[in-house]
1. Placing +1 at every Lys and Arg Cβ and -1 at every Asp and Glu Cβ, with all other atoms neutral, what dipole size does the range 70-159 have around its Cα centre, in debye to the nearest 20?
2. Can you pull out the GluC sites (Glu not before Pro) in the range 57-121 that DSSP calls coil and that have at most 14 other Cβ atoms within 10 Å?
3. May I ask for the Rg/Rh ratio of the range 81-200, computed from Cα atoms with Rh as the Kirkwood radius, given to two decimals?
4. Quote to one decimal, in nm, the extra length available between residue 130 and residue 29 on full extension: 0.36 nm per residue of separation minus the C-alpha distance between them.
5. How big, on average over all directions, is the shadow cast by the Cα convex hull of the range 150-257, in nm²?
6. Which value in deg cm²/dmol, rounded to the nearest 500, describes the helix-derived mean residue ellipticity at 222 nm for the chain, given -39,500 (n - 2.57) per DSSP H run of n ≥ 4 and division by the residue count?
7. Please state the Cα pair-distance histogram of the range 25-93 with 5 angstrom bins from zero: what percent is in each bin?
8. Going by average Cβ density within 10 Å per residue, which order do the peptides 164-175, 242-253, 78-89 take, highest to lowest?
Amino acid sequence: MTPTFKTERGRVVSAVTADQMREVDRVAVDTVSLGLLQMMEHAGRNLAEVARETVESTEGTETAENGRIVVLAGNGGNGGGGICAARHLANGGIDVTVVLDRADNELTGAAARQRRILAATDAAVVSGGHREIAHHLENTEVVVDAVVGYGLTGPLRGTAATLVESIPEDSRVVSLDVPSGIDATTGDSPGMVVAPDTILTLALPKTGLVGTEATAGDLLLADIGIPRGVYDRLDIDYTDPLDGARRVRLQPVDKPD
Ligand SMILES: NC(=O)C1=CN([C@@H]2O[C@H](COP(=O)(O)OP(=O)(O)OC[C@H]3O[C@@H](n4cnc5c(N)ncnc54)[C@H](O)[C@@H]3O)[C@@H](O)[C@H]2O)[C@@H](O)CC1
Ligand SMILES: [K+]
């Protein structure tokens, strides 16, 4: 039985596996001409709004402008979404630092494009070893986890693992798509995993998000503009979960209300 989630209005939303989501990406780009960068822009914009709401709801930071946000960014699509969010946060006057999992020149595709655009803001972009990363994360109210999404292969390793283990205990964490370290299909965490306060998953919830500790916090679904014709082509039974909103809160159906 395909795991399902439901919205506060009782709409039932089927979850998809990482492979199904990759197929959605492929059909969206190759058949429907919806570009990765366009979908990433919606992901990043939604992520910036959720990160801003999280800062505003953190005591001690009356307005978002007093807060500081650190975005941990991998070098794939998940990282690209985080870098895009950093631009929107910087544009909104928030003190934001992006800590990269790899050096600048290892970013590729849409993530590299988002990195170039970010250069036109005053956001700080850093990378480095264990000590530098820990230094940049000290006293951070809100950490955005955009290290790895449904592209996880095996336990978190290398700098990605360092980024995750450097997240301060008392920071509020928002994870993009899936908490880094969680297998988006099975929910397994083969190694270190982020335990976020909020997960902002994209387009459709992932099967790996049902019943894992990952959903101890809030689970939100963001619209990234994928037309239903993409799902129809892939025989994914899709009912619009958003009712015209940009984001909706989801509850796994098997979880007691
Ligand atoms: N339709 C969608 O769902 C869309 C998804 N997007 C985002 O793109 C993500 C998928 O992008 P990708 O396929 O590039 O993959 P990811 O960005 O999820 O992860 C790939 C990166 O993580 C690294 N990585 C993988 N396993 C690792 C491990 N065990 N330890 C350390 N590093 C590891 C890889 O080296 C690679 O750099 C989604 O999760 C989502 O955030 C958006 O960009 C666009 C649209
Ligand atoms: K993530």
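Values quoted throughout were computed directly from the atomic coordinates according to the rules given, and no laboratory measurement underlies them. It should be emphasised that the depicted structure is a prediction, and the values quoted were computed from it without experimental measurement. Glycine gets a Cβ as well: all are built from the backbone with ideal geometry, and neighbour counts include every protein chain shown.
1. 340 debye
2. On the way: sites: 59, 62, 65, 106; in loops: 59, 62.
Passing both the DSSP loop test and the Cβ count: 59, 62.
3. Answer for the range 81-200: 0.94.
4. Result for the pair: 32.6 nm of gain on full extension.
5. Dividing the Cα hull surface by four gives the mean projection, 7.8 nm².
6. -9500 deg cm²/dmol
7. Going from the shortest bin to the longest, the percentages are 4, 18, 23, 20, 15, 10, 6, 4, 2, 0.
8. Numbers: 164-175: 19.1, 242-253: 15.1, 78-89: 29.7.
Peptide ranking by packing, descending: 78-89, 164-175, 242-253.
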